[in-house]
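The values are calculated or read from the model by the stated rules, or taken from the named source; none is laboratory data. Please read all numbers here as calculations on a predicted model, not as lab measurements. Here the Cβ positions follow ideal geometry from the backbone for every residue, glycine too, while neighbour counts run over all protein chains shown.
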Amino acid sequence: MNQQDFSYTSPERVKAILDILDETYGTEMVCYLHYETPWQLLFAVILSAQCTDARVNIVTEDLFKKYPDLQAFADADIKEMEKDVHSTGFYRHKAANLIACARRLLEDYDGSVPDTLEELTSLPGVGRKTANVILGNIYGKASVVVDTHVKRISKRLDLTQKTDPTEVEYDLMEVLPEDHWSLYNTQIITFGREICEARNPKCSICPLYEICESKDKR
């Protein structure tokens with residue numbers, strides 16, 4: 001298929017991109033953060049801000065043993081929590097948010113994680129990205145998660161020209177079919193880690209090479 005036959009965000013071009021992603025990475029939803037309960041995923045995503053999933057998984061393996069439930073987090077000492085999450089970066093904010101979020105979940109939601117964007121983003125430390133991860137992975141609701149990979153690669157593919165994550169999210173909601181909103185993120189994460197890296201994209205082995213016209217192409 002010749003990319004120049006289509007406008008950048010035409011349904012035909014978007015379908016061509018998604019077909020290649022489906023064929024290359026499959027259509028099964030994957031979460032790279034380890035968790036057993038909804039609140040554990042919520043806390044893991046809070047910790048993942050400006051931190052790798054691999055590092056978060058190392059931290060939460062011990063963290064969720066030390067604090068096995070929401071009440072344990074709510075009762076935690078802030079200085080102790082800061083030490084526990086120190087290696088994820090921004091540890092003071094993250095520690096405070098984990099404790100405050102646990103208290104809000106217990107006080108306002110009887111220990112359950114809410115299932116709407118509005119309620120989720122009202123929680124301490126929870127922005128649209130975190131909320132959309134929960135909506136997609138826990139509740140199976142179509143949601144566009146804009147992380148660093150999605151923002152960078154979507155721009156390279158000319159699916160958006162925006163840089164603000166919320167604006168990128170809205171652009172992708174316009175051009176992607178709803179049944180790929182959640183799946184697109186998991187596919188792009190793998191694609192970004194394996195091929196379309198930030199500084200040295202491996203264009204010579206990229207399955208999207210013929211469709212992509214990024215200035216970063218090599």
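When the helices (runs of 4 or more DSSP H) confined to region 1-100 are screened for residues that are under 16 Å from the mean Cα position of the chain (by Cα), those reaching at least 2 such residues are found at 38-47, 53-66. Remark: LYS155 matches the filter, which requires a residue to be out of contact with any helix residue (DSSP H, G or I) (no Cβ under 7 Å at 6 or more places or on another chain) and of a type in the set (D, E, K, R). When GLN161, GLN187 are checked against the criterion of being more than 15 Å from the chain's Cα centre (by Cα) and outside the structural domain of ALA95 (by TED's automatic domain parsing), GLN161 stands alone in meeting it. Name every residue in region 170-218 that is without any contact (Cβ under 8 Å) to a residue 60 or more places away in the chain, among the hydrophobic types (A, V, I, L, M, F, W, C) and within 29 Å of ALA131 (Cβ to Cβ), in order of residue number. Passing the criteria: LEU172, MET173, TRP181, ILE195, CYS196, ALA198.
Just give me the residues in region 101-115 being touching a residue at least 60 places away in the same chain (Cβ under 8 Å) and either in a helix (DSSP H, G or I) or among the charged types (D, E, K, R) (or both), in sequence order. Quick ask: steps written out before the conclusion?
Quick first cut of region 101-115, residues touching a residue at least 60 places away in the same chain (Cβ under 8 Å) only: 102, 105, 111-113.
ALA102, LEU105, listed by residue number.
Taken as a whole, the structure leaves ILE46 outside the set of residues that are out of contact with any Phe, Trp or Tyr (no Cβ under 6 Å at 6 or more places or on another chain) and more than 30 Å from MET81 (Cα to Cα). With respect to (1) in contact with a helix residue (DSSP H, G or I) (Cβ under 8 Å, 6 or more places away or on another chain); (2) at pLDDT 95 or above, the lone exception for THR9 is condition (2).
Kindly provide the set of residues from region 89-100 that are touching a helix residue (DSSP H, G or I) at 6+ places or on another chain (Cβ under 7 Å) and more than 17 Å from LYS65 (Cα to Cα), ordered by number.
TYR91, ARG92, LYS94, ALA96, ASN97
For LEU105, are the conditions met, namely being crowded, with 19+ Cβ neighbours inside 10 Å and not assigned by TED's automatic domain parsing to the domain that holds ILE17? Answer is yes for this residue. Scanning region 163-211 for residues that are among the β-branched types (Val, Ile, Thr) and under 18 Å from GLU28 (Cβ atoms) yields a total of 4.
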